[in-house]
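Worksheet for the structure shown next.
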There are 2 protein chains.
Amino acid sequence: MLTEQAPFAQPRMWLEPTKAVSDDELEAIHHASLRVLAETGIDFLNAEARALLAANGAEVDGDRVRFSAELIEQFVSLAPSSFSIHALNPAHDLHIGDQSVAFCSVASAPNVAGFGAPRRAGNREDYQNLLRLCQTFTSIHLVPGYPVEPIDVHASVRHLHATFDAYTLTDKVNHVYSLGKQRNLDVLEMTRIARGITEDELAEQPSLTTIINASSPLRYDDVMLQGIIEMSSRNQVVVITPFTLAGAMAPITLAGALTLQNAEALAGVAFTQMVRAGAPVVYGGFTSNVDMRSGAPAFGTPEYLRTAMVGGQLARRYGLPYRSSNVNAANAVDAQSAYESVFALWGAIMGGTNFLMHGAGWMEGGLHASYEKMVIDADLLHMVARSLQPIIVDDATLAVEAIAEVGPAGHFFGTQHTQDRYKEAFYEPLVSDWRNFETWDEAGQPTAFEKANSLAHLAIDSFTPPALDPSRREELEAFVARRVAEGGVETDF
Amino acid sequence: MLTEQAPFAQPRMWLEPTKAVSDDELEAIHHASLRVLAETGIDFLNAEARALLAANGAEVDGDRVRFSAELIEQFVSLAPSSFSIHALNPAHDLHIGDQSVAFCSVASAPNVAGFGAPRRAGNREDYQNLLRLCQTFTSIHLVPGYPVEPIDVHASVRHLHATFDAYTLTDKVNHVYSLGKQRNLDVLEMTRIARGITEDELAEQPSLTTIINASSPLRYDDVMLQGIIEMSSRNQVVVITPFTLAGAMAPITLAGALTLQNAEALAGVAFTQMVRAGAPVVYGGFTSNVDMRSGAPAFGTPEYLRTAMVGGQLARRYGLPYRSSNVNAANAVDAQSAYESVFALWGAIMGGTNFLMHGAGWMEGGLHASYEKMVIDADLLHMVARSLQPIIVDDATLAVEAIAEVGPAGHFFGTQHTQDRYKEAFYEPLVSDWRNFETWDEAGQPTAFEKANSLAHLAIDSFTPPALDPSRREELEAFVARRVAEGGVETDF
């Protein structure tokens, strides 16, 4: 079953992305964002960042930083429209931008559910198991954060053990949480060791990602700015993502939430280019809405679908790769989790996303990761990839002769035209159960959840870690041991 | 809950439909279809139809009919690009074509599941209950066939009793099965009575739909052609739909399956216009694929998504309204049923469908209708409709002032900008459960299925039939009584 997956390959978005606002409306959002940046400004809660902003011409007043339109456009234009990220396994290197799409696993869930146990706090065993799934499913291209937080590992050393697990259980691109400069430095060094390269080579080869969230509205926190400084200065990948929930941290109107998203994103992107011109950066959109009755965040909604499309329009306007997400707010891996997810995928993919965060395993508005949802999503991502394969139209595929040969009331099963193609013609799902009712009934009426559960067990039971040069592994072990002995990092962030 | 639904309103497809093949590729499919029609031809299993085809210039040889490209283009061009359908309740009249979208219920399932009982053969009680749901949910715009077949009503009189139920439990546009001329005539008469109009008025006001399936490959059966003759001659709505499953009744290549679909559809559309120039007709696409291991039909697949988009490109090329469908192959109302459905919706909606068959309640490749899936789908259709509302971009919605007022680290909940808009800002779902985990857990961890089940009960328990003029109701009763006494129709179709 799992060995029959399509090989690891990034899809290419060959369809024209959908415009959910007109070009004029897009310009109106752009100009409104520039007004916000020039008139209200953004708080940057880091003195080093403010000094760099001031030196580059931003207007700094206490924590507040204001940008002229020209300053934003000057620095945003320095960011590359695409770049490569290098994985431990070169077969898992990624191209980010242009028409390429990269699918990420879920990241940062504090809880975990499934694999035979109820929802529980994140822990290292589940973290490791989810990494095994991330490595197994070829439709998961990178792991941009802990699929679930290993809370049972002390925060002072969590990044050390978790990164060790990531680089010994997967050979895909990984991530560092920007929660203080030393964490960035530790994981940068572990990435260098795991890839077996020098510091100079690392700075030439983006190999590590970090997600930088604006604390919407209009604030970049200290640790996030430290993260940009450490990562961008070393030419590593920064994904700027404002968290603009319309009605809560952002205006209730979609145009207003997008204005705020865009203002925050532009300020963040511009800052990365002040740190290092040409540093790889991704424009992130995460605008959704809250349930106005309860204040609960909602995902995969009609509002999400449209703002995901506009996010792509904005990113393309600036020539930046675009991050969107596969999200839902369901507590159970039921129909809701699936339809909200595919609505989110609809918006993200038709919005032209290049970097699909939380592609597999995200549940409950991000509050838990699910084994079974990760398997179902891995299948959905394969379906999306297959959907993004062009239809081949030529004399052979138009099949006029085959149609003539079969004629009225005939059947195509036995024709040579079919025989020549049947093995590769259609996507074969991992999870979907297409058996007829009687056979399915006799099998005990398994649902997609149960099928996904058995596939998760199969993947984890049969897991073989990817090859890692023993000397690199020893060096990683020694680095972790030393840094743990030193007490890790401060945890008063 | 149910009273808070958005009012009955057809969405408008304001987004640019997605092109899944280039314009040149589309022309290649078009020309290949014309070659099939000119060289291989199609069997028309009805002498009256063949005579009419011959009289209009088609080449008739036994059952086989061949069309020149000019003949096809001449007659297809006579079909209207849009038209209205009149419902019993004028508030439920529909516009078919242009950028309008109409959402249909499921139709023609032989089995039914849910509402507290396992999968069972279709019957009148479930049929009536599903009609009640069709009437209740404002996102279901018409009922183009029996949501489930009332198999316990004898086939000779089923159409009489079922149509009586449809016109007393709903006031939305309905349907007649083209299974022999007399059925068409009976239901046309019942439609005339229910609408309280004359035969001449009925012929001026399309009020009834029928689905005409080609028996792919390349055959129109006798009863289907009788249906076109009776319906098109009276200016009623014919939805031509080839059933082209790639790998079975159609070539295994998507381009080939689309070529066959298009050939069959064009022949059917042209024939409607020979019966009556200007008669309302819809171009239907139903190309999917089979599981090549088992031969089972698959729906909501990556193949379906793309062919649904191309179907729209073809229909628009001919200036015809486009029918697509909301389909899945799941046995259970689980994640699979939902993700396959939304993949199908993605293809259909981005393909620019005007007439979405099986919009609510279809399961198991059409082999059963589900109460709970109908409720979930009704919610999905509302979500699609909301997704098709343009984002309003103006000074007020861009919210630059509101953003300035709130400033960094603030919150938008309490602002006047939010207060002025919170009631209507976002879609409020019927089914999705956005409660936090603890609350949801205390409530017994209900899934979407359970929520949908309780909504189905609520809708049916609180159902009030729509108003129907008592004299029309009596006339319908008398008509049914008379026709039942006469023995109904022959059942040797």
_What does the copy distance list look like for B:ARG317, label position 7 Å along Cα→Cβ, in nm and ordered from shortest?_
3.5
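Assign unit charges at the C-beta atoms only (+1 for Lys and Arg, -1 for Asp and Glu), then state the dipole size of the protein assembly as shown relative to its Cα centre in Debye, rounded to the nearest 20.
Working: 68 positive and 120 negative charges, 13 e Å.
In debye, rounded to 20, the protein assembly as shown gives about 60.
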*For B:253-264, what's the mean count of beta carbons from other chains sitting within 10 Å of each residue's beta carbon?*
6
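Let's test the formula: R0 of 25 Å, r as the Cβ-Cβ distance of B:GLU486 and B:GLU125. What FRET efficiency results, to the nearest 0.05?
The pair B:GLU486/B:GLU125 has a calculated efficiency of 0.45.
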*With r defined as the distance between the Cβ atoms of B:ASP23 and A:ALA277 and R0 fixed at 51 Å, what FRET efficiency is calculated, to the nearest 0.05?*
0.80
*How big is the Rg/Rh ratio for the protein assembly as shown, C-alpha atoms only, Rh by Kirkwood, two decimals?*
1.00
_Distances in nm from B:ASP441 to the matching label points in the other copies, shortest first (labels 7 Å along Cα to Cβ)_ = 3.8
_Quick check: the angle from helix A:158-169's long axis to the longest principal axis of chain A, C-alpha only, nearest 10 degrees?_
30
_Could you work out the percent of alpha carbon pairs in segment A:175-319 separated by over 25 Å, rounded to a whole number?_
33
_Inter-copy spacing of A:SER462 label points, which lie 7 Å from Cα along Cα→Cβ, given in nm from shortest upward_ = 5.1
_Please list B:TYR339, B:TYR177 from largest to smallest accessible area, probe radius 1.4 Å, with all protein chains kept in place._
B:TYR177, B:TYR339
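Full-extension gain between B:ASP222 and B:LEU2, please, as 0.36 nm times their residue separation minus the C-alpha to C-alpha distance.
74.9 nm
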_Once you place label points 7 Å from the Cα toward the Cβ at A:PHE413 and B:PHE463, how far apart are they in nm?_
3.9
*What Kirkwood hydrodynamic radius, in Å, does chain A give when the mean of 1/r is taken over all pairs of distinct Cα atoms and then inverted?*
23.5
_Accessible surface buried once B binds A (1.4 Å probe; total of both sides; Å²)_ = 9500
*Accessible area of A:LEU468 in the full protein assembly, 1.4 Å probe (Å², nearest 10)*: 40
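Compute the whole-percent fraction of alpha carbon pairs in segment B:257-321 spaced more than 21 Å apart.
32
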*Starting from the residue with the highest accessible area, list A:LYS451, A:LYS423, A:LYS19 in decreasing order, probe 1.4 Å.*
A:LYS423, A:LYS19, A:LYS451
_Suppose each label sits 7 Å from its Cα in the direction of the beta carbon; what would the A:GLU59-A:ASP395 distance come out to in nanometres?_
6.9
*Take a quick pass over the protein assembly as shown and tell me how many lysine pairs come in under 24 angstrom between Cα atoms, counting only ones 8 or more apart or on separate chains.*
13
_Using a 1.4 Å probe on the protein heavy atoms only, what accessible surface does A:SER288 show? Give it in Å² to the nearest 10._
0
*asked:* Bins of 10 Å, beginning at zero and ending with the bin holding the largest distance: percent of Cα pairs per bin for segment B:112-156, please.
replied: 27, 52, 20, 1
*On the full set of protein chains, 1.4 Å probe, figure out the accessible area of B:ARG473 and give it in Å² to the nearest 10.*
90
*Give the shape of segment A:417-480 as rounded, prolate or oblate, defined through the alpha-carbon gyration tensor: a ≥ b ≥ c are the square roots of its eigenvalues, a/c under 1.5 means rounded, and otherwise the shape is prolate if a/b is larger than b/c and oblate if not.*
oblate
*Relative to the longest principal Cα axis of chain A, at what angle does helix A:222-233 sit, 0 to 90 degrees, rounded to 10?*
80
*For segment A:13-135, report the translational diffusion coefficient in µm²/s to the nearest whole number, using Stokes-Einstein at 20 °C, 1.002 mPa s, and a Kirkwood Rh over Cα pairs.*
111
*Under the definition of partner shielding as Cβ atoms of other protein chains within 10 Å of a residue Cβ, what is the mean value for peptide A:419-430?*
5
*Could you give the distance between the Cα centres of segment A:10-66 and segment A:266-316, to the whole Å?*
11
*asked:* Positive end of the dipole of segment B:102-256, charges at C-beta (+1 Lys, Arg; -1 Asp, Glu), about the Cα centre: which of B:ALA109, B:SER232, B:SER156 has its Cα farthest in that direction?
replied: B:ALA109
*Relative to the longest principal Cα axis of chain B, at what angle does helix B:448-461 sit, 0 to 90 degrees, rounded to 10?*
70
*asked:* Can you classify segment B:88-218 as rounded, prolate or oblate using the Cα gyration tensor, where a ≥ b ≥ c are the square roots of its eigenvalues, rounded means a/c under 1.5, and otherwise it's prolate if a/b beats b/c and oblate if not?
replied: rounded
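The values are calculated or read from the model by the stated rules, or taken from the named source; none is laboratory data. All of these numbers come straight from a predicted model, not from anything done at the bench. All Cβ positions, even for glycine, are placed from backbone atoms using ideal geometry, and neighbour counts span all protein chains on display. Protein only, heavy atoms only, side chains kept; ligands, DNA and RNA dropped before computing areas. Shrake-Rupley method; radii C 1.70, N 1.55, O 1.52, S 1.80 Å.
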